[in-house]
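Below: one structure, written as structure tokens.
The values are calculated or read from the model by the stated rules, or taken from the named source; none is laboratory data. Values in this document were obtained by computation on a predicted structure and should not be read as measured data. Cβ placement follows ideal geometry from the backbone for every residue including glycine, while neighbour counts extend to all protein chains displayed.
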Amino acid sequence: MNYFVTGGTGFIGRFLVARLLERGGTVHVLTREASAHKLEALKQRSPEAAERIVGVVGDLVEPSLGLSDADLSSLRGRIDHFFHVAAIYDLAASAESQWAANVEGTRNAVACAEDLQAQRFHHVSSIAAGGLYEGTFREDMFEEAGSLSHPYLRTKHESEAVVRRECSIPWQVYRPSSVVGHSQSGEIDKIDGPYYSFKLLQKLRKAAPPWFPLIGVDAGSFNVVPVDYVVDAMDHIAHQEGHDGECFHLTNPDHYSVGEIVNIIADAGHAPRFAVRLDTKIFSFVPTGLMETIGKLPPVKRLIAAFFGSMEVPEGAGTFLNWNTRYDNRATEGALKGSGIEVPKLASYAGKLWDYWERNLDPDLFVDRSLRGNVAGKVVVVTGAGTGIGLATARRLGQAGAKVILAGRTLETLEEARGAIEESGGQAWVHSCDVSDMDACDAFIAGVLAEHGRVDILINNAGRSIRRSIELSYDRFHDFERTMQLNYFGAMRLILRLLPGMNERRSGHIVNISSMGVVGPPARFAGYVASKSALEGWTRCAEAEFCDRGIHFTNINMPLVRTPMIGPTKVYEYAPTISPEEAADMVVEAILHKPSRVTSGMGKLFQGWGVVAPKLLATAMNIAYRMFDDSHAAKGIQRPEYVEPTKEQVALAALMKGLHY
């Protein structure tokens, strides 16, 4: 047997080529000149039969597939089966490219098969050729197709029409449903169809345990089959006699709703299931015209695009959420009777699909998560860089290849920091700046921009903390002014001076070292927490304004860190703290993932507690407040006598991990 295959190096095609080789024949594979490496990869999949894979240079969009006269002459009259598999299966592709490949490409394939005098033409169509048909679409139906509003649906229908109306040699049509990975290995080469739910489920798995019940919306009637079934069925039917002019649905007898498919995949990926699934029919009371009008509004379109983008899903996929067609495949079942070829249950191989996707296709695998890959060559400003969190962060960034700008009040400590960074092979520049002085902030930024031209990342780390109860602050308004001046106004001044350049470049990242106190407000830190809350509130508003311009804002709710700032509070000697290096890890996380917020496990607990029972949270904080007294310094005692903390105080300090008292 001699075969000619278009799309032989593609997903379905390479499995088909392997199956045809098992029959002992020679397989001629259409290959573009620039895709010789794909042909070599195909041969490596079947090394024992590689010599029977023959590349034929051509192009789907060229007349007669662009075959040379020599190739046409040598193959004419020798091809028993011509398999046309090549097509664009990409919802994000343009309508023009889909028409050129799917429709005109099929026309070119038919003309080539006729010129080669092939014995039979096998066209791999799709259930998409039936459009969004309401009801059961049989194998003998074609003109009855439903809505063809999407370019993919339209071009798959028209390409099949080319075969039916223009092909002069015997032909057969195969309509696979949504093809997923191999049922034994899980292998697939792209994310499509049910795979669009994998990323969402992975995120849900990270956010909640598998037993956590979810509520979702159900829709559609979907049909999925593994690639090995499609190829086995097609190979078996193609080599039978008496099927010329027939169409075969390579579909699953089981039709699934969106919710059913997602729950099967969720079980395979150990993600939470959607225990309650609301049928979209509950929204049927809303007039269709009104829904379409709302969907066309620019703000709504942006929200939809943002949602699909976050899930790595093409916007066009939304068209298929209400695909309710069911498929009758009795002709296929008749042709396969006695062969042992049947569709396996999705649940039986869903685990293999998930495993292959997570190991090979998860988009996060292709994102550079190394610190060097994200900061090398970038200009990064770190305020308060002489000690503590700032110093540890600056050293990490310098070692990763960033151009680190060290800002602080004390030149000696900044010079020491620069020396440490340069010793490890990094680059650093020193600028003396009191961030609480607005003129100094302006001069500092002007100098950095004059020297480096831009700032890619700003880390607002410089800060001041005051531990004093409000009862002792009635006449100390300047305490609130001082913390606000540095923690809020100074940081905001730097941001405002850098945002114009970031906005122009459509790139930038603002990282604020905030406090756990913002999510779990502690007593005696009203001034400090107020200033950090102000900065967080401002940057959340800024994020809403600039998120479509490539500028990111991250607030880090830092737990208690062993730095000189906490030295005066003796009870902190007993409280669980993290090191400056561990704090720098949180900054690195912010830089790599660019989330809106980075916080610890305790921080997340306080966030939830504050939403569910804010009064109870305040009561818990009050218990801690009454158990601990103000420091002697807060009371104005110049030479305080050291008082050993009580066992109760030490126990509470350990229990309230990372919280400012």
(request) Kindly state which helices (runs of 4 or more DSSP H) lie completely within the range 265-348 and contain at least 3 residues that are modelled with pLDDT of 95 or more. (result) 330-336
(request) May I ask you to verify whether F480 is part of a helix (DSSP H, G or I), more than 37 Å from the chain's Cα centre (by Cα) and buried (at least 18 other Cβ atoms within 10 Å of the Cβ)? (result) no
(message) Condition first: of a type outside the set (V, I, T) and out of contact with any strand residue (DSSP E or B) (no Cβ under 7 Å at 6 or more places or on another chain). Now tell me which residues in the range 47-67 satisfy that.
(response) P47, E48, A49, A50, E51, D59, E62, P63, S64, G66
(request) Looking for whichever is surrounded by 13 or more Cβ atoms within 10 Å (Cβ to Cβ) and among the small types (G, A, S) here; the options are A450, A446, A428. Which one fits? (result) A428
(message) Just to be sure before I move on: is A417 in contact with a Cys (Cβ under 9 Å, 6 or more places away or on another chain), touching a residue at least 24 places away in the same chain (Cβ under 8 Å) and either within 18 Å of V381 (Cβ to Cβ) or not assigned by TED's automatic domain parsing to the domain that holds V598 (or both) in the structure I sent?
(response) no
(request) Check every one of the helices (runs of 4 or more DSSP H) wholly within the range 352-460 and list those with 2 or more residues that are closer than 21 Å to H552 by Cα. (result) 371-375, 388-399, 438-452
(message) Condition (residue is farther than 19 Å from G384 by Cα and either free of Cβ contacts under 8 Å to residues at least 12 places away in the same chain or part of a loop (DSSP other than H, G, I, E, B) (or both)) applied to the range 529-542: is it met by at least one residue?
(response) yes
(request) Say whether the condition of being over 30 Å from the mean Cα position of the chain (by Cα), surrounded by fewer than 18 Cβ atoms within 10 Å (Cβ to Cβ) and assigned by TED's automatic domain parsing to the domain that holds G608 is met by at least one residue in the range 496-509. (result) yes
(request) Determine which single condition G193 fails, assuming it passes every other condition in (1) under 21 Å from L91 (Cβ atoms); (2) touching a residue at least 40 places away in the same chain (Cβ under 8 Å). (result) (2)
(request) Find all pairs meeting these conditions: Cβ atoms under 7 angstrom apart; at least six residues apart or on different chains; first residue within the range 362-387 and modelled with pLDDT under 90; second residue among the acidic types (D, E). (result) P363/E312
(message) Would you confirm, using the coordinates I've provided, whether K199 is within 26 Å of P363 (Cα to Cα) and among the basic types (K, R)?
(response) yes
(request) Could you tell me which numbered condition N374 fails, if it satisfies all but one of (1) over 30 Å from C441 (Cα atoms); (2) among the polar types (S, T, N, Q); (3) surrounded by 16 or more Cβ atoms within 10 Å (Cβ to Cβ)? (result) (1)
(message) Please pick out the residue among R359, R409 that is surrounded by fewer than 21 Cβ atoms within 10 Å (Cβ to Cβ), of a type in the set (K, R) and in the same structural domain as R454 (by TED's automatic domain parsing).
(response) R409
(message) Show the residue pairs meeting these rules: Cβ distance below 8 Å; 6+ apart or different chains; first residue within the range 478-489 and among the acidic types (D, E); second residue not in a helix (DSSP H, G or I).
(response) D479/I466; D479/R468; D479/S473
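The rows are residues; the columns are (1) in a helix (DSSP H, G or I); (2) in contact with a helix residue (DSSP H, G or I) (Cβ under 9 Å, 6 or more places away or on another chain); (3) under 25 Å from K190 (Cα atoms).
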| position | (1), (2), (3) |
| --- | --- |
| V17 | yes, yes, yes |
| L20 | yes, yes, yes |
| R23 | no, yes, no |
| V27 | no, yes, yes |
| I88 | no, yes, yes |
(request) Check P151 against each of (1) surrounded by fewer than 21 Cβ atoms within 10 Å (Cβ to Cβ); (2) at pLDDT 95 or above; (3) touching an Asp or Glu at 6+ places or on another chain (Cβ under 9 Å) and name the one condition it does not meet. (result) (2)
(message) Against the condition in contact with a Cys (Cβ under 8 Å, 6 or more places away or on another chain) and closer than 29 Å to I79 by Cα, how does V173 come out, does it pass?
(response) yes
(message) Condition check: closer than 22 Å to A534 by Cβ, assigned by TED's automatic domain parsing to the domain that holds M586, surrounded by 17 or more Cβ atoms within 10 Å (Cβ to Cβ) and without any contact (Cβ under 8 Å) to a residue 60 or more places away in the chain. Does L458 satisfy that?
(response) no
(request) Output the residue which, of all residues in the range 495-528 that are assigned to a helix (DSSP H, G or I), out of contact with any strand residue (DSSP E or B) (no Cβ under 6 Å at 6 or more places or on another chain) and in contact (Cβ under 8 Å) with a residue 60 or more places away in the chain, is nearest to L560 (Cα to Cα). (result) G517
(message) I need a count of the residues in the range 89-122 that are in contact with a Ser or Thr (Cβ under 7 Å, 6 or more places away or on another chain), of a type outside the set (G, A, S) and surrounded by 19 or more Cβ atoms within 10 Å (Cβ to Cβ).
(response) 6
